[in-house]
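**Student:** Structure incoming, see below.
Only the coordinates and a few stated rules stand behind these numbers; no lab work does. From a predicted model like this one, the values you see are computed outputs, not experimental measurements. Here the Cβ positions follow ideal geometry from the backbone for every residue, glycine too, while neighbour counts run over all protein chains shown.
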Ligand SMILES: Cc1cc2nc3c(=O)[nH]c(=O)nc-3n(C[C@H](O)[C@H](O)[C@H](O)COP(=O)(O)OP(=O)(O)OC[C@H]3O[C@@H](n4cnc5c(N)ncnc54)[C@H](O)[C@@H]3O)c2cc1C
């Protein structure tokens, strides 16, 4: 590669950084433990610039690693040489179309900014991954989930259309503003969750909905996590229609309180379920809250509180939202993101307790209980590097095997990247991996887009 050639595409020196001057954060992910190398970092401003970069790289078989917010936890933005394309400056909201209830945005739009702007106009974009500095482009490339998935679904459910740049440098629209689409294969859905391996996303049309008028939160306290897991099933079976259902252990709540400086509404119990409800009318929401109270009490909840005050709700969700960082502040940890059928949550949690006792490795769990998505942090403590790596691999192999036995999957929302790749490949059907690789070679015959990540 001749660096001079890239200056013809991006002449602005502030938007084209040579390999030896790239800041470490652009060569890593949110955890920053693994750092890659790249020959150049580019900040395009238009689809046309992205098209020219892809065409140039494809002709010379130069790898491209796309990144937007860099908040992934899986090493999926760690480059193995070649070019890093950072989409954070393609961050315009191009249109809010109230007639079709859609928004057209560029990939670098930050989720919190987008949601704030919509909510001020009475509109709502529900996908809600914990890290609000993530971007719409990254959310689509990882099919991000988050806390509101129980009621509203995940990012995929809100993508109407994508403009992509293909590996060989063509600009293409997939999908449209229509509500329905039964027209041929859904290429758009292949791109969603593809972790930058199939195409570069340059524009997005998202579905919006009206903003619910009111939100109420509730917290239930249990003597142990098994009871709380049973409570989750009762909630889902009740007709209470929660927006989110999360579970937490006392130990992790304490870490969250310490990290955030806030107080959790209930104390002196081992496990908690927190839930939220939204709608248009107080009485109707409170009726649904009373259904959930019956459900959790029947599962063994010892205490129950309703939070109507918006500040109290926000504080509780801030404690929940900071947990990955709160655990990381105490010790290096490996975040797992497994997902099991919702009736298997307690089996999985029971297994983590068994494994903790057997291996001597501390594990804390919390997560999106309403959709079976468990975030399990495996804690390093003061283990030496090589002992830690061996022990971690041993317990992760067992945990992923158990997940598969329970009918679950390696990742519910964070994606595979590098961190989970070997476990994913060990547990997936070889035939499905072969099909995925065939799809990749149709999209990217020279294997330049994020090679070596996920299934590729
Ligand atoms: C504290 C914390 C909490 C989190 N909580 C959640 C959670 O609740 N739910 C959840 O789902 N995730 C969560 N995450 C993970 C992360 O925020 C999500 O994966 C998010 O979607 C990544 O978005 P990003 O903009 O940071 O993307 P990046 O990290 O920049 O990239 C992620 C992937 O997308 C690809 N990509 C980025 N932009 C493009 C593009 N324009 N075209 C093609 N490919 C592209 C990259 O190559 C990479 O594979 C959390 C992370 C942290 C640090």
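**Student:** Could you work out the Kirkwood radius for segment 3-86, taking every pair of different alpha carbons, averaging 1/r and inverting it, reported in Å?
**Tutor:** So the Kirkwood estimate lands at 12.8 Å.
**Student:** Further, regarding this structure: If you find the alpha carbon centre of segment 232-302 and of segment 420-456, how far apart are they in angstrom?
**Tutor:** Rounded to whole Å, the Cα centres lie 39 Å apart.
**Student:** How would you rank 216, 171, going from fewest to most other Cβ atoms within 10 Å of each one's own Cβ?
**Tutor:** Least to most surrounded, the residues fall as 171, 216.
**Student:** If you take every DSSP beta bridge fully contained in the chain, what fraction is antiparallel? Give it as a percent rounded to 5.
**Tutor:** Antiparallel bridges make up about 85 percent of those DSSP assigns within the chain.
**Student:** Same structure, new question: Rank the residues 418, 273 as a footprinting-exposure proxy: fewest other Cβ atoms within 10 Å of their Cβ go first.
**Tutor:** By the 10 Å Cβ count, ascending: 418, 273.
**Student:** How large, in Å, is segment 82-153 by the Kirkwood hydrodynamic radius built from its alpha-carbon pairs?
**Tutor:** 12.9 Å
**Student:** Quick check: the angle from helix 345-359's long axis to the longest principal axis of the chain, C-alpha only, nearest 10 degrees?
**Tutor:** 80 degrees
**Student:** If you take the Cα atoms of segment 41-84, find Rg, then find the Kirkwood Rh from the mean of 1/r over all pairs, what is Rg/Rh?
**Tutor:** 0.98
**Student:** Name the shape class, rounded, prolate or oblate, that the alpha-carbon gyration tensor gives for segment 284-344, where a ≥ b ≥ c are the square roots of its eigenvalues, rounded holds for a/c under 1.5, and otherwise prolate holds if a/b is larger than b/c and oblate otherwise.
**Tutor:** oblate
**Student:** Specify the angular offset, from 0 to 90 degrees and rounded to the nearest 10, of the alpha carbon long axis of helix 310-321 from the longest principal axis of the alpha carbons in the chain.
**Tutor:** Orientation of helix 310-321: about 60 degrees from the principal axis.
**Student:** With N denoting the number of residues in segment 205-305, provide Rg(C-alpha) divided by 2.2 N^0.38 Å, to two decimal places.
**Tutor:** Ratio of Rg to 2.2 N^0.38 Å for segment 205-305: 1.14.
**Student:** What does the highest-first list of 190-197, 138-145, 18-25 look like by mean Cβ count within 10 Å?
**Tutor:** 138-145, 190-197, 18-25
**Student:** If you average the alpha carbon positions of segment 308-387 and of segment 50-108, how far apart do those two centres end up, in angstrom?
**Tutor:** One Cα centre to the other: 30 Å.
**Student:** Given contacts defined as C-alpha pairs under 8 Å and at least six residues apart, what's the relative contact order of segment 394-456, whole-number percent?
**Tutor:** 35 percent
**Student:** Shifting gears a bit: Please report, in whole Å³, the volume per residue of the convex hull around the C-alpha atoms of segment 258-373.
**Tutor:** Dividing the Cα hull volume of segment 258-373 by its residue count gives 136 Å³.
**Student:** Something else about it: For helix 282-298, report the angle its Cα long axis makes with the longest principal axis of the Cα atoms of the chain; keep it between 0 and 90° and round to the nearest 10°.
**Tutor:** Roughly 70 degrees, rounded to the nearest 10.
**Student:** Could you tell me what a quarter of the Cα convex hull surface of segment 1-144 works out to, in nm² with one decimal place?
**Tutor:** For segment 1-144, averaging the hull's shadow over all directions gives 9.2 nm².
**Student:** Let me ask something additional. What three numbers, in Å, describe the spread of the alpha carbons of segment 143-249 along their principal axes, ordered from the longest?
**Tutor:** 57, 30, 22
**Student:** Just want the ordering: 316, 237, from fewest to most Cβ atoms lying within 10 Å of their own Cβ.
**Tutor:** With the sparsest Cβ surroundings first, the list reads 237, 316.
**Student:** Please report, in whole Å³, the volume per residue of the convex hull around the C-alpha atoms of segment 331-430.
**Tutor:** For segment 331-430, the hull spanned by Cα atoms encloses 96 Å³ per residue.
**Student:** Still on this model: Which FRET efficiency value, to the nearest 0.05, is calculated for residue 14 and residue 267 with the Förster distance at 41 angstrom and r the Cβ-Cβ distance?
**Tutor:** 0.20
**Student:** For the chain, what number results from the quotient of the Cα radius of gyration and 2.2 N^0.38 Å?
**Tutor:** Scaled against compact globular proteins, the figure is 0.99.
**Student:** Also, quick follow-up: For the chain, what's the relative contact order in percent, using C-alpha pairs closer than 8 Å and at least 6 residues apart?
**Tutor:** Worked out over the chain, it gives 16 percent.
**Student:** Kindly give Rg over Rh for segment 93-210, based on alpha-carbon atoms, with the Kirkwood expression for the hydrodynamic radius.
**Tutor:** That ratio equals 0.94.
**Student:** Please work out the ratio of the alpha-carbon Rg of segment 42-115 to 2.2 N^0.38 Å and round it to two decimals.
**Tutor:** After normalising by residue count via 2.2 N^0.38 Å, the value is 1.28.
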